[in-house]
Amino acid sequence: MPNYNIVEISKIINGKLTGDVNPGIRYLLIDSRTLFSPEESLFFAIVGERHDGHNFIQELFNKGVRNFVVSSLPVNSDEYADCNFILVENTLKALQGICAYHRKKFKIPVIGITGSNGKTIVKEWLYQLLSQDKNIARSPKSFNSQVGVPLSVWLLDDKTELAIFEAGISKENEMKNLQAILKPTIGVFTNIGDAHQENFFDQKQKAREKLKLFSECEKLVYCKDYYIIDDLIKQDKRFENLVFSWSLKYPADLYIMIIRKDKTESVITGKYKQKEIKITIPFTDDASIENAIHCWAMMLYLTYPNDEIQLRMQKLSPVAMRLELKAGINNCTLINDYYNSDLNSLNIALDFLNQQHQHAKKTLILSDILQIGADIKKLYHDVAELIKKKNIYQVIGIGPAITKQATSFTIRKKFFASTNEFLNSISNLQFRDEAILLKGARLFEFEKISEVLQQKTHNTVLEINLNALVHNLNFFRSLLKPGAKIMAMVKAFSYGSGMYEIANVLQYQKVDYLAVAYIDEGVELRKAGISVPILVMDPESHGFELMLEYNMEPELYSFKILNAFIDALKRAGMKGFPIHLKLDTGMRRLGFLKDDITSLIELIKDNQYLTVKSVFSHLVASDEPVHDKFTRLQFRRFEDFSNRILKVLDYPVLRHILNSSGIERFPDSQYDMVRLGIGLYGVSAINRNKLENVSALKTCISQIKKITASDTVGYSRNGQLRKSSVIATIPVGYADGLDRRLGNGVGRVMVKGWFAPIVGNICMDMCMIDITNVDAAEGDEVIVFGDNYRISELAEQMGTIPYEVLTSISRRVKRVYFHE
């Protein structure tokens, strides 16, 4: 890692330094949750649309950080007497400035990659193809933003011989900042499409902005078949004689003649310098073929012989774009990240491992790190230090290199020379009640370990995209006024998505409250290590002692339950316990009515056992404009009821009434907090295009049969066929949550991009679908709902709401979580 001192940095970024010590800085930090080495870290308090880094200075100070770049100094500066503060106008510009300075110290080839899609794949594949020859620095994962790019450049060190960085933009005038930081000498423009189109007039404007990355490149690799890119390049004299083009349609430096796809591989034949050449890749999808040709063109430009390119292309491995979390054996949680292994991606994966608070024990299974030119002893010393600082319980090393460096590791440890040796000993290791991270280079085939350690279930799974969940959370945050808090609803198994897995993410994203329906749900979260305040919406008096033991706060909605809770507090000898008062403004379900307010005030006023944390109400029809008049009446009632209560309390009390659709439609009624539920999962009638789908229910075809028109399908012979048909059986039924109302042609699923209607009655464990017009085979994936067939559409076919569909997914359906 780089090593600057704080005085140097303050001069480079033109900041005003306050502080008496001059420590060395190796790590730049923008997120308080990813802290690694406090004494060597410099925190940049970035101010964004949704977050202000200055709010986390106290937290970082408590964790040992003493160096900060800020745009405003803390008010209580005496608390930070032993800290260094660099005061600047703009902390983001300061971060970009120090990294741009760092980049200028290196006279090496730098490949810069941009485009609408494929940036990360092309970067990772170029790394796979070139890393055996050079020591390469590259962007971690998809670090391509205004903060991701500078943090990537910071990884350059004296041993770096080649750098490969990606750059992404979401609006105009962003790319010039990234170009100034990256200064690429070689460019790759992958393609142009609709991704991030919302802030551009058209694709041409966006392509013109992306081209700014290559303004100082010596060579630009691109595909001529994207006519917008090709036209812009031809019109720009800067690129004259500086391009390496490829095409399937037009004359180019690399002309693609034939693409032949087999079941598991594609053979691509092209013409280069009047000579016919070819490569074979172990992929058949169009996106992978395009990405591979970009890499082929780059290697030809770098003067690699095609025979060598062909050998390396055949060994390309899939790029794990996201971490995969699933249930493991013996109550373990398994995290798969086994397609690459390097120090930077290890750091990211360990942070995700540490989010799994449901397990006290964290185990890392790590392969050799394949890094050309590295000082092996120092490399594994750094790995050992990283693991120790992340509080990992035990490390299991697999491979000859890591085994030789076993003495570097001071925590609980075991080592094996190969994956097969580990598998032969796995029964003796007794994994139980722990979170296990599999982090390995592709060569070590860690998928074999995953197969042994994962919990065995049937082929129907509910995939949950945690990045989409975070995106949706941040979207709703963007709608809130400064200071408004968020209570996230995780009742009903987090709407069917998994209790502690979702709660872990929400806690990491610093929501203010979690809400559960019943006490036992809250206890499950507390046992899983969730420390965020928890509201219990329907507390039962027989569980009060348990609720107090696990520090959960009750919703109290009647005098009976309120008095019973006060009695429980008296028995426990507890005073000032936080409670939440539910007011009924029109739902007529639970809550104190208008006529109850006077007596309620008398009961809570000066009550030494209670502290009213919040008062709230529930909207009846916030998502239905036809009832807006009644919704506004509820607001007026809530204002009246809550004001009467607040007047008699001499401490601050939160107020909240808005749910997901209320947040979208009634910004003037946010009060102090909002309650976010179904919107987290991408369901909205108003902002559907701005939210991301979180859940996908998937299965596969068990068997295919050709059935004649005279035959019937399923129970009671209800599956009447009008013509001879091809019928597939899939292993999902009403015991999995597929409602019987969807049978007999009402519902449909997706197979290979085509809709296939459900035929006959839905059975307990399976159902049948008509795939007559689909070219499908046994084992092919079937999507019950997902990104291209949203859960709201399925709910509409059932005549119900998305809530019911999500919460009906049986727990026997395996949940698989993805995190980029």
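The values are calculated or read from the model by the stated rules, or taken from the named source; none is laboratory data. Please read these numbers as outputs of a predicted model, since none were measured by experiment. Note that we place each Cβ from the backbone using ideal geometry, even for glycine, and neighbour counts take in every protein chain shown. These area figures cover heavy atoms from the full protein model, side chains too; ligands, DNA and RNA do not enter into them. Shrake-Rupley method; radii C 1.70, N 1.55, O 1.52, S 1.80 Å.
Would you mind working out the magnitude of the charge dipole of the chain relative to its Cα centre, with +1 at each Lys and Arg C-beta and -1 at each Asp and Glu C-beta, to the nearest 20 Debye?
Rounded to the nearest 20 debye, it is 660 debye.
Note down the magnitude of the dipole of region 58-210 about its Cα centre, charges +1 on Lys and Arg C-beta and -1 on Asp and Glu C-beta and zero elsewhere, to the nearest 20 debye.
With only Lys, Arg, Asp and Glu charged at Cβ, the dipole is about 600 debye.
Leaving ligands, DNA and RNA out of it, report the carbon-plus-sulfur percent of the accessible area of the chain at a 1.4 Å probe.
48 percent
Taking loop as defined by DSSP and a crowding limit of 12 other beta carbons within 10 Å, which GluC sites (Glu not before Pro) in region 37-72 fit?
For GluC sites (Glu not before Pro) across region 37-72 that sit outside H, G, I, E and B with at most 12 neighbouring Cβ atoms in 10 Å, the list reads Glu49.
Could you list, in their original order, any pairs among Lys107/Lys176; Lys204/Lys278; Lys212/Lys234; Lys171/Lys204; Lys134/Lys237 whose Cα atoms are separated by more than 23 Å?
Lys204/Lys278; Lys134/Lys237
Hey, any idea what the orientation-averaged projected area of the convex hull of region 87-235's Cα atoms comes to, in nm²?
So the mean shadow area of the Cα hull is 9.3 nm².
Just to confirm, what accessible area per residue do you get for region 344-411 at 1.4 Å probe, in whole Å²?
38 Å²
Over all Cα pairs of region 68-115, how is the pair count split among 5 Å bins, expressed in % and running from 0 up to the last occupied bin?
5, 17, 17, 16, 14, 11, 9, 5, 5, 2
For the pairs Lys63/Lys159; Lys326/Lys448; Lys481/Lys629, note any where the Cα-Cα span goes beyond 26 Å.
Lys63/Lys159
Of all alpha-carbon pairs in the chain, indicate the percentage at a distance above 36 angstrom.
Counting pairs separated by more than 36 Å, the tail of P(r) holds 55 percent.
Could you state the number of Å between the C-alpha centres of region 388-423 and region 546-607?
First find each Cα centre; the distance between them is then 53 Å.
Any chance you could check the Cα centroid distance between region 8-36 and region 730-796 for me, in angstrom?
55 Å
What's the long-distance tail for region 428-501, i.e. % of Cα pairs beyond 16 Å?
Pairs farther apart than 16 Å: 71 percent.
Could you work out the relative contact order of the chain, using alpha carbon pairs under 8 angstrom and six or more residues apart, expressed as a whole percent?
8 percent
Could you give the spread of the C-alpha atoms of region 413-563 along their three principal axes, from largest to smallest, in whole angstroms?
Largest first, region 413-563 extends 66, 39, 33 Å along its Cα principal axes.
Which value, in debye to the nearest 20, describes the size of the charge dipole of region 259-406 about its Cα centre when Lys and Arg Cβ atoms bear +1, Asp and Glu Cβ atoms bear -1, and nothing else is charged?
200 debye
Rounded to the nearest 5, what is the percent of antiparallel bridges among the DSSP beta bridges in the chain?
Here the share of antiparallel DSSP bridges comes out near 40 percent.
Return a whole-number percent for the relative contact order of region 391-510, with Cα pairs under 8 Å and 6 or more residues apart as the contact set.
Answer for region 391-510 is 16 percent.
Per residue of region 477-483, in order, report the coupling 6.51 cos²θ - 1.76 cosθ + 1.60 (Karplus, θ = phi - 60°) as ³J(HN,Hα) in whole Hz, putting x for Gly and Pro.
Result, ordered by residue: 4, 5, 8, 8, 6, x, x Hz.
Mean projection of the alpha-carbon convex hull of region 581-655 over all orientations, in nm²?
5.1 nm²
Translational diffusion coefficient of region 499-650 at 37 °C, 0.692 mPa s, Stokes-Einstein with Kirkwood Rh over Cα pairs, in µm²/s as a whole number.
In µm²/s, the coefficient is 199.
Could you sort 592-601, 173-182 so that the peptide with the highest average Cβ count within 10 Å comes first and the rest follow in order?
Top to bottom by mean Cβ count within 10 Å: 173-182, 592-601.
Defining a contact as two alpha carbons under 8 Å apart and six or more residues distant in sequence, what relative contact order in percent does region 678-736 show?
Worked out over region 678-736, it gives 30 percent.
Take the eigenvalues of the Cα gyration tensor for region 215-328, scale each by 5, and report the square roots as semi-axes in whole Å, largest first.
Semi-axis lengths for region 215-328 are 27, 19, 14 Å.
What are the lysines whose alpha-carbon lies under 29 Å from the alpha-carbon of Lys570, with same-chain residues fewer than 8 places away excluded?
Excluding near neighbours in sequence, the set is Lys491, Lys527, Lys560, Lys582, Lys594, Lys605, Lys613, Lys647.
What order do you get for 160-168, 783-791, 8-16 when each peptide is scored by the mean count of other beta carbon atoms within 10 Å, highest first?
Output ranking for 160-168, 783-791, 8-16: 160-168, 783-791, 8-16.
Taking a quarter of the surface of the Cα convex hull of region 688-820, what do you get in nm²?
Mean orientational projected area (region 688-820, Cα hull): 8.6 nm².
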